[in-house]
1. What is the helix-to-structure angle for 321-335, meaning the angle in degrees between its Cα long axis and the longest Cα principal axis of the chain, kept from 0 to 90 and rounded to the nearest 10?
2. How long is segment 242-332 along each principal axis, judged by its Cα atoms, biggest number first, in Å?
3. Working only with C-alpha atoms, what are the Rg and Dmax values of the chain, expressed in angstrom?
4. Once both axes come from the Cα atoms, what is the angle between helix 47-78 and the longest principal axis of the chain, in degrees from 0 to 90, rounded to 10?
5. Hey, got a sec? Which trypsin sites (Lys or Arg not before Pro) in segment 90-138 land in a DSSP loop and have at most 10 other Cβ atoms within 10 Å?
6. Quick one: net charge around Val281, please, counting Lys, Arg +1 and Asp, Glu -1 for every other residue with C-beta under 13 Å from its C-beta.
7. For segment 1-155, count all C-alpha to C-alpha pairs, find those more than 18 Å apart, and express that count as a whole percent of the total.
8. Within the chain, what is the longest stretch that has no GluC sites (Glu not before Pro) placed in a DSSP loop and near at most 10 other beta-carbon atoms within 10 Å?
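What follows is calculated from the coordinates using simple rules that are stated; it is not laboratory data. Quantities reported herein were computed from a predicted structural model and do not represent experimental measurements. Methodologically, a virtual Cβ is constructed for each residue, glycine included, from the backbone with ideal geometry; neighbour enumeration extends over all protein chains shown.
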Amino acid sequence: MTDLWLISVPLDKTSLTSVEKLKHTIAKTGLASCCKFSIPDLKVGILDSLLCVSDDLSRLDTLTESVIKKTCQCMKEVMEQASDKVLENALANGVDLMSYVTKFQWDKAKYPPALPLSNLVATIDKEVSQVESELKSRAAAYNSAKASLHSLKHKQEESLQTRSLNDIVRNEDLVVSEYLTTLIVVVPRGIFVQWERTYESLSQFVVPRSSRKLFEDAEGGVFSVTLFKRAVCEFKAKAHESKFTVREYSSDLEEKHQLEMRQLHVHKKEQYGIFVNWLKVNFSEVFVAWIHLKALRVFVESVLRYGLPVNYQALLLQTDKKRSKKLREELTSLFMHLDPTATVSKKDVSCEIPGISQQEYFSYICFHIHTNMMEIS
């Protein structure tokens, strides 16, 4: 699995020399690829405000991670784990997630660098919170449409007691006149013989030898029987006593059920299209906001740790699990001068992709971006 490490070091002479050594080493050994991570000049403000912004960014980071996870999970569920479809829609500004991160450019129109840091944080906060809120309502609407269709399908397909009779009963199976009518009866499989022997005795107004078996499955069978209309109530009562179920049937009723099914199919399809498009747009929006959030954290932590005037360089390192330990050792060796007391007992200022725990504290600023969110499957 690919790892992305976003590091920040000051632009003092020693650190610049270390950066050049790092680039030379990784080019020679293949430990990683390295590119500049561009962050514009942002308004610093006063120290107290920076500390507050740092706290707000930490809180917002947690929220954004959660929203990204939920949006991605929704996308997987709606597309029923079709990873190719998920990958087609899980984009950031129209490109795949890895490309967006490695070629990151600050969106100056959406997040004007001239605004105070607190305003930029508030903009991202509002954006992410709105997506979180709308995700709940849209997911509920889609799941409701899906559940309604599933419930009706289940009702019409599972049991002979409730399933649609449209594909079982034909017009020629029915006798309808001024005095006669045809009833549709569900008979459990174990008592077919009992039905054949007794149905004529359930009422003296049953037409002899009028029963026909129309359908059977593992559960039982569907039979028709013709009788005088005046005897319908009597027949139903005695049939119930014998564990025969008379189904309510009419062509109008069946057509109504079929119409309801078609309408639910159309409604679910419409909701699917609307929801997938919304997920696609807003996954991109939140992911883009998330990367800008990381850039903000790099800036704020760089100022807090390295001081003023603002003078740092952000680099994005791309490596993999096998080489990560060696790369970490190389970074520690090159930048130990920034904080000789750095130990793994301190907490890292980095923020991770959803579900990833905090890493160690290092002498340089490091944001360890695991790519499990980007390798959607």
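1. Roughly 30 degrees, rounded to the nearest 10.
2. 87, 32, 22
3. In Å, with Rg to one decimal and Dmax whole: 34.2, 109.
4. 30
5. Working: sites: Lys103, Lys108, Lys110, Lys126, Lys136, Arg138; in loops: Lys103, Lys108, Lys110.
Here the sparse-neighbourhood loop sites are Lys108.
6. Residues close to Val281 contribute a combined charge of -1.
7. 75
8. Excluding the exposed sites themselves, the longest stretch runs over 249-377.
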